[in-house]
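Data first, discussion second: the structure below is written as structure tokens.
Read-outs throughout are calculated quantities, based only on the coordinates presented, and are distinct from any laboratory measurement. What you see is a predicted model; the values in this text were computed from it and never measured. Heads up, the Cβs are rebuilt from the backbone with ideal geometry, glycines too, and the neighbour counts pull from every protein chain shown.
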């Protein structure tokens, strides 16, 4: 039998590690012959644009390099599979592609939108009596998928954000005058990545002094009061704010939406900067960590990269066990020592759903997170990958 | 005799390494007793706010940690010393502070503004018959100081920018649709840091496809033509633009100036993003690397950090030789193998002057740099510092 794998949605540092997980497990599995990579997610299956991964990933060094290369080596897509009732043509094309290449299992590495594809496609194939199994491998820096303890890609993003915010703290505190620095962090409507900055307290950092998440209603008045209170205690105040925080008084939505109807968010940091300048009048700066949060693999979390590979390999085992329409998920056994296992859950439990940061982990004032959050986050950023360098820069794997 | 050292101007990853250079060389020098650190640059001397560095830097581990901690451990300032003719009071206070603490040499780590202080203060002290020597140790991520081959802090900034732009290249190229990504890079009115992105070609990257520097007049019309031409060849076009590029047609100056009359620049990347959206209409994003360029020590250049320490130690030797009113500079002996020496030059040659990126190193089209620029930059980003990690994050040295 042959298998196929595709990558979808926004980049992370760990999507390629999950691809390596699928690939390496396939190499260990005598029943599996070819491993096809689908170019630009499910679009590659629809258009029959496949590459034989054994021809491009040729050595253990290639696998290691690919594991530490950010983004999606096979490209990505934001394609939403139509309902079967609307369009059977595209399903027919996918079916024919699988038939043509003797593909009996398809692995889709992606977020909650991609799990929608896993659900629809597996239902179609079952309905048609096909034996092709469809298994979803989660990924997202937003950490907003239900069921799973956390998502591959999140730990590396959190590690980059923590290291960078720590450096911004050093940078912000050099002058003798009072200042406020606002750091805007990704996560869409979920505050996980912003909340994860609390890990800095493990290294005795007091900052970020204030943390604002989209899960709590934002009040401009309260924010100004919070900042003033912190300025009374600290010369250089650092604020972490999630891009998903809504400030109805300020216009900081882009109005642009993607194919799934998600609005691109931006500008909350700038809005808070303007509020501080207007209401307090001190030196203030906002910093947007931008796409670096999802692609800065040079400081990725070894825990994250290893887990991303592992969950990919477990996906292959689940498919060989005959499972389909499933998403692989992490279950945390304990924080200290940190232990997780991998399980399969019906993809319908994950598809198109968001998991928000728990309300119980936000402090009463709505401007910080609790000790329980700290315990949850800290294990996810542990360990460093030995990054291959050439000419003073990280070396990336590229398709020839 | 005692000595004092201070740090001034904007943060870099290498200012603390130069401080360690001064400190370690002082420890090796039997004539030197106390090493005082002045808090917030020359302001600490004026206000008599000094700390005994031997009490806070106690072990070799402390020195190594401080070497890899970004920003200025002693704080910084943007204080401009008045002319002697305008105000002798402040000079008198500095003189008294030196007398009181038996300080016979003062080391000022900073940029071209700080070298202005070195010139004025050394002239005052000579005029007064004082034997206190004043020596400047350069630093700036902008690399815009005259005489010296390059400045400490630049190599680490260039390494961070190269690694990050490479990751942004991976990030930008995942989707099947055409896109343009604009990366705005610091450097004030000099294009050095933006130009340094050409080092990516050592790792077979084609991008950044276009490089725009303030040293060449910018034409919106030509820019749009350049981008269209690159889009015909590459699906995902990446553009590096210096914050100092002026676009008269677009309003991207902040209008805010610092104590030296320098205007804060921002928004060129956003302006180019708007131009692409308006004129070409494809998917476009701008990314501002912001303060991370000057404080991301987690991926600093070992060459830079070692050189920053070395030039600090050479400053101490120059002062002990009786030199004053000097700035320490690098002279490059060869590119391959890379060899530099350190010399002292009159600070007046460096103070208040800017060194621009050579016109001869810009291509005729004004949208890229030459092979000579590549040979200049590549040695400066070589080598990695073994960053101390704790709890999954870099460990920073802090004053207790």
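Neighbour counting of Cβ atoms within 10 Å sorts the residues A:133, B:285, A:55, fewest neighbours leading, into A:55, B:285, A:133.
Annotation for residue B:233 and residue B:372: the two label points, set 7 Å from Cα along the Cα-Cβ direction, are 2.2 nm apart. Over the protein assembly as shown, dividing the summed -39,500 (n - 2.57) contributions of all DSSP H runs of at least 4 residues by the number of residues returns a 222 nm mean residue ellipticity of -10000 deg cm²/dmol.
For chain B, set up a Gaussian network in which alpha carbons nearer than 10 Å are linked by springs, and say which option among B:84, B:382, B:25 fluctuates the most. Looking only at B:84, B:382, B:25, the biggest GNM fluctuation is shown by B:84. On the principal axes of its alpha-carbon atoms, chain A has extents of 68, 48, 38 Å, going from largest to smallest. Taking every alpha-carbon pair under 8 Å whose residues sit at least 6 apart, the stretch B:77-231 reaches a relative contact order of 16 percent.
To the nearest Å, what is the center-to-center distance of the stretch B:366-390 and the stretch B:43-96, using C-alpha atoms only? One Cα centre to the other: 30 Å. In the protein assembly as shown, what percentage of the DSSP-assigned beta bridges are antiparallel, given to the nearest 5? Beta bridges within the protein assembly as shown, antiparallel portion: roughly 35 percent.
Note on chain B: antiparallel DSSP beta bridges, both residues inside, total approximately 35 percent of the bridges counted. Solvent-free Debye calculation, one equal scatterer per alpha-carbon of the stretch A:155-295: log10 I(q)/I(0) at 0.20, 0.21 Å⁻¹ equals -1.25, -1.37.
Here the contact order of chain B, divided by its residue count and restricted to Cα pairs under 8 Å and six or more residues apart, works out to 23 percent. Put in line by how crowded their Cβ is, counting other Cβ atoms within 10 Å and starting with the fewest, B:117, A:140, B:324, A:88 read A:88, B:324, B:117, A:140. Note on chain A: GNM, Cα springs under 10 Å; of A:75, A:281, A:366, the largest mean-square fluctuation is that of A:281.
Treating r as the C-beta distance of residue A:56 and residue A:388 and R0 as 25 Å, the FRET efficiency rounds to 0.90. Provide the percentage of antiparallel DSSP beta bridges, counting only those with both residues in the stretch B:154-295; round to the nearest 5. The antiparallel proportion sits near 10 percent.
Computed from Cα positions, the angle between helix B:15-28 and the longest principal axis of chain B comes to roughly 30 degrees. Taking Cα atoms only, the orientation of helix A:89-100 departs from the longest principal axis of chain A by about 60 degrees. Averaging the sequence gap over all C-alpha pairs within less than 8 Å and six or more residues apart, then dividing by the number of residues, gives the stretch B:154-295 a relative contact order of 33 percent.
The calculated FRET efficiency for the pair residue A:47 and residue A:338, based on their C-beta separation and a Förster distance of 45 Å, comes to about 0.60.
Placing a label point 7 Å from Cα along the Cα-to-Cβ axis, residue B:61 is separated from the same position in the other copies by 3.7 nm, shortest listed first.
Estimated from the Cβ-Cβ distance and a Förster radius of 30 angstrom, the FRET efficiency linking residue B:87 and residue B:1 is about 0.60.
Counting other Cβ atoms within 10 Å as a rough exposure proxy, the listed residues A:96, B:294, B:317 run A:96, B:317, B:294 from fewest neighbours to most. The same position residue A:127 in the other copies lies at 9.0 nm from this copy, comparing label points 7 Å beyond Cα toward the beta-carbon, shortest first. Multiplying the residue separation of residue A:102 and residue A:126 by 0.36 nm and removing their Cα-Cα distance gives an extension gain of 7.0 nm. Within the listed set A:21, A:110, A:129, the residue fluctuating most in the Gaussian network model of chain A (springs between alpha-carbon atoms under 10 angstrom) is A:129. Here the spin labels are modelled as points 7 Å beyond Cα on the Cα-Cβ line, and at residue A:279 and residue B:31 they lie 5.8 nm apart.
Once the Cα atoms are used to define both axes, helix B:154-172 deviates from the longest principal axis of chain B by about 20 degrees.
Annotation for residue A:201, label-to-label distances across the other copies: 5.0 nm (shortest first, one decimal, point 7 Å from Cα along Cα→Cβ).
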